[in-house]
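The values are calculated or read from the model by the stated rules, or taken from the named source; none is laboratory data. Everything quoted here is computed from the prediction, not taken from an experiment. Neighbour counts are summed over all protein chains in view; Cβ atoms, including those assigned to glycine, are modelled from backbone coordinates with ideal geometry.
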Amino acid sequence: MLRLGKSMTRTRTFTSSGRRFTTALTVLGMLATGAAVQAATVTPAHAATTHRVLFDDGHAEEAGNADWIISTSKPDPLAQDSSPSSDKDWTGALSSWGIALQKTGDYSLKTATSALTYGGSSATDLSNFDTLVLPEPNIKFTTAEKTAIMNFVKAGGGLFMISDHTGSDRNNDGYDAVQILNDLMTDNSVDSTDPFGLSIDSLNITSGYPAAISDSSNTVLHGSFGTVTKSLIANGTTATLKPADNANAKGLLYRSGYSGNTGAFFATSTFGSGKVAFWGDSSPIDDGTGQSGNTLYDGWNDTGATNAALALNATEWLSS
């Protein structure tokens, strides 16, 4: 039987892809024969500036059985718990996402509950943020809101669009996330000529694990939060890419049997000075926790996928 002796801890700093990392290495001394036991953890070093992320909750993101919020405390989730350590500390199906960002010390998170503006004076005006997350909106954006969102991205903001399957009209107003996000891209006063080079397909794909492309240089797939291999799809959709309209439109994960311009489950693009990400399902961001009365499913920790790494890497890419 092996007996463990006194442990020693060493720290080591190194640089990868322009980011500094600190590795904590613990070596356990062996009092009997055998190889040394080692355990190492790697965490990103603090960002030079704080990334400011706004999660939208002004367009029925809590309608029906949805609970697409990081916390019930709005606009500031820290009012619910200023030092969250688990998804139980904040209430909402996106609490794991928010808490994972909060714990890095590099992010300032807020929730918008009113109309989205850009260039206004409110605390949740888009000019105060680096990234806007739209987690399956179920109310159409007004003309003024679409102008605000598009100008925000054009000026350098990040836009994270998360859809769901066609027919997922949770508040029964006649519009689902597919229609609402397509309307944002095709009927706005800033650029309605396919600005992002993608359109969301009217599909309901019941299940699957879309796989990541091979691109070791892509920081969404290979970022500081981990390596992305697959994502979960559980009643979701895909996008059709149109590189002729925007050469920067790029599919990163694809539905089985698809590649190129069709079947993109996760895609990125640019517009003006800003960045755009699209995800075809809200199931991967659902951490299974939420407000009383909602039946939720834990896609965030699905063992067949790397949904957390995808959400977090993409947020970092959009915000940087």
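Assorted remarks:
- Among the residues of segment 290-298, some residue qualifies, meaning at least one is closer than 23 Å to I69 by Cβ, at pLDDT below 95, surrounded by 17 or more Cβ atoms within 10 Å (Cβ to Cβ) and not aliphatic (A, V, I, L, M).
- Residues that are in contact with a Lys or Arg (Cβ under 9 Å, 6 or more places away or on another chain), among the polar types (S, T, N, Q) and not in a loop (DSSP other than H, G, I, E, B), drawn from segment 97-124: S108, T111
- The conditions of being in the same structural domain as W279 (by TED's automatic domain parsing), crowded, with 24+ Cβ neighbours inside 10 Å and free of Cβ contacts under 8 Å to residues at least 60 places away in the same chain are not met by V153.
- Qualifying positions in segment 157-190 - of a type in the set (S, T, N, Q), free of Cβ contacts under 8 Å to residues at least 40 places away in the same chain and within 21 Å of K275 (Cβ to Cβ): N182, T186
- Which listed residue is among the polar types (S, T, N, Q) and either surrounded by fewer than 22 Cβ atoms within 10 Å (Cβ to Cβ) or not assigned by TED's automatic domain parsing to the domain that holds V133 (or both), from T229, T315, T237: T229
- When residues of segment 261-295 are limited to those that are within 24 Å of T91 (Cα to Cα) and polar (S, T, N, Q), the one farthest from the chain's Cα centre (by Cα): S292
- Residue in segment 52-70 that is over 15 Å from V133 (Cα atoms), surrounded by fewer than 17 Cβ atoms within 10 Å (Cβ to Cβ) and either assigned by TED's automatic domain parsing to the domain that holds S216 or at pLDDT 95 or above (or both) present: yes
- Some residue of segment 137-150 being under 30 Å from S207 (Cβ atoms), touching a strand residue (DSSP E or B) at 6+ places or on another chain (Cβ under 8 Å) and crowded, with 19+ Cβ neighbours inside 10 Å: yes
- Qualifying residue in segment 274-297 (condition: free of Cβ contacts under 8 Å to residues at least 24 places away in the same chain and out of contact with any strand residue (DSSP E or B) (no Cβ under 9 Å at 6 or more places or on another chain)): yes
- Of residues in segment 217-240 being in a loop (DSSP other than H, G, I, E, B) and touching a His at 6+ places or on another chain (Cβ under 6 Å), the one nearest to D194 (Cα to Cα): T237
- Cβ pairs under 8 Å, 6+ apart, first in segment 201-214 and closer than 16 Å to L232 by Cβ and assigned by TED's automatic domain parsing to the domain that holds S259, second basic (K, R) and in a strand (DSSP E or B): Y209/K230; P210/K230; A211/K230; A212/K230
- Of all the criteria given as (1) under 19 Å from the mean Cα position of the chain (by Cα); (2) farther than 22 Å from G290 by Cβ; (3) assigned to a loop (DSSP other than H, G, I, E, B), the one not satisfied by H165 is (2).
- Every pair of residues 6+ apart whose Cβ atoms lie under 9 Å, when the first sits in segment 49-66 and is among the polar types (S, T, N, Q) while the second is in a strand (DSSP E or B) and at pLDDT 95 or above: T50/Y107; T50/S108
- Take the conditions (1) surrounded by fewer than 20 Cβ atoms within 10 Å (Cβ to Cβ); (2) over 19 Å from T186 (Cβ atoms); P77 misses just one of them, which is (1).
- Number of the condition not met by D245 [criteria: (1) over 16 Å from the mean Cα position of the chain (by Cα); (2) farther than 30 Å from N128 by Cα]: (2)
- Here K242 meets the list (1) touching a residue at least 60 places away in the same chain (Cβ under 8 Å); (2) of a type in the set (K, R); (3) surrounded by fewer than 19 Cβ atoms within 10 Å (Cβ to Cβ) almost entirely, failing just condition (1).
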